[in-house]
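Q: Please read through the structure below; I'll follow up with questions.
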Amino acid sequence: MPIQSKQDKLTTILRELDSVAVAFSSGVDSTFLLKTAHDILGDRTLAVTIRADLFPLREFDEAVLFVKEKGIDHVIVDVDAFDIKGFSQNPANRCYLCKTALFSHIRRIAEERGIPHVAEGSQADDSGDYRPGLQAISELGILSPLREAGLTKQDIRQLSREGGLPTWNKQSLACLASRIPYGVEITKERLAMIDQAEQHLWDAGFRQVRVRFHGNLARIETDEEGFRQLADKNLREEIHCRFKEIGFTYISVDLLGYRSGSMNETLVHDSPS
């Protein structure tokens, strides 16, 4: 389907809503969804942002700045993910548990405001892989307008660029807990280590990175440009030094590079053939 047809379908979907609360993280997808919804529904659009240890603080700060600049009504919900039953044990359905809890908070806010619909920013590319969070979203009746319209990540980046959104070329983001292998306990300290390590790489100029946690070993996933940057011996040594300060003993680079959901590969390997 042509991108314009997808955009038209999104417009139709949003126009049919009386009002909507958008789960807003300041990522590429949720920013595009929120801006589009606000363009169509105006002050009948509410942005709801979760503030938790699961997400880097800079993302929260960017969310606050964006809604302030656009004049969008904004509600912030503080959530302690470690209050979610079973979350810290990091089971394979961790995302289901987490999404159920987080979107229940967002739905409550919407109901208190008299808003009948809640929308989130998953898009067509998110339909593949192992994504138990989508089950939680479906069970709670949360709308996914971008996915329904058939918009892909590339589509959203293109439309964001054409619309002047600063997020059009922003790196893909995900909950920090997704860096820890299933079955390995999630702690605030481990999330902080991952956050500090990734922040250091972004400050060093890397555009797309993940730091996967394997105990005292950090496994860096990056894109082709990141591999070119790592050819600099001085930079590698500087990264090694900083990661050691953060608490890692060994630092490695994944030869396959960045890929969304790489921790799910263990689920495939562990399943019977």
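Q: To check you understand DSSP bridge types, tell me what percent of the beta bridges within the chain (both residues inside) are antiparallel, rounded to 5.
A: Among the beta bridges of the chain, antiparallel pairing accounts for roughly 25 percent.
Q: Can you tally the net charge around Lys9? Count Lys and Arg as +1, Asp and Glu as -1, for every other residue whose Cβ sits under 14 Å from the Cβ of Lys9.
A: Taking every Cβ under 14 Å from that of Lys9, the sum is -1.
Q: Also: Taking the alpha-carbon distance from Lys153 and a cut-off under 12 Å, which aspartates and glutamates remain once sequence neighbours fewer than 8 residues away in the same chain are dropped?
A: Asp29, Asp125, Asp126
Q: Compute and list, largest first, the equivalent-ellipsoid semi-axes of the range 124-273 from the alpha carbon gyration tensor, each √(5λ) rounded to a whole angstrom.
A: 28, 22, 14
Q: In addition: Specify the angular offset, from 0 to 90 degrees and rounded to the nearest 10, of the alpha carbon long axis of helix 57-70 from the longest principal axis of the alpha carbons in the chain.
A: 30 degrees
Q: Same structure again: Please rank Ile194, Ile76, fewest neighbouring Cβ atoms within 10 Å first, as an exposure proxy.
A: Ile76, Ile194
Q: Another question, if that's okay. If you average the sequence gap of Cα pairs under 8 Å that are 6 or more apart and divide by the length of the chain, what percent do you get for the contact order?
A: Relative contact order comes out at 17 percent.
Q: In what order do Met193, Met1 fall by count of nearby beta-carbon atoms within 10 Å, going from fewest to most?
A: Met1, Met193
Q: Quickly rank 8-15, 47-54 as a protection proxy: mean count of other C-beta atoms within 10 Å, highest first.
A: Taking the mean over residues of other Cβ atoms within 10 Å, the ranking is 47-54, 8-15.
Q: Using a cut-off of 27 Å between alpha-carbon atoms, which lysines can reach Lys233, once sequence neighbours fewer than 8 places away in the same chain are excluded?
A: In chain and number order, the partners are Lys170, Lys244.
No lab work stands behind these numbers, since they all come straight from the coordinates. These numbers come from a predicted model, not from an experiment. Because the Cβ atoms are built from the backbone with ideal geometry, glycine has one as well, and the counts that use them run over all protein chains shown.
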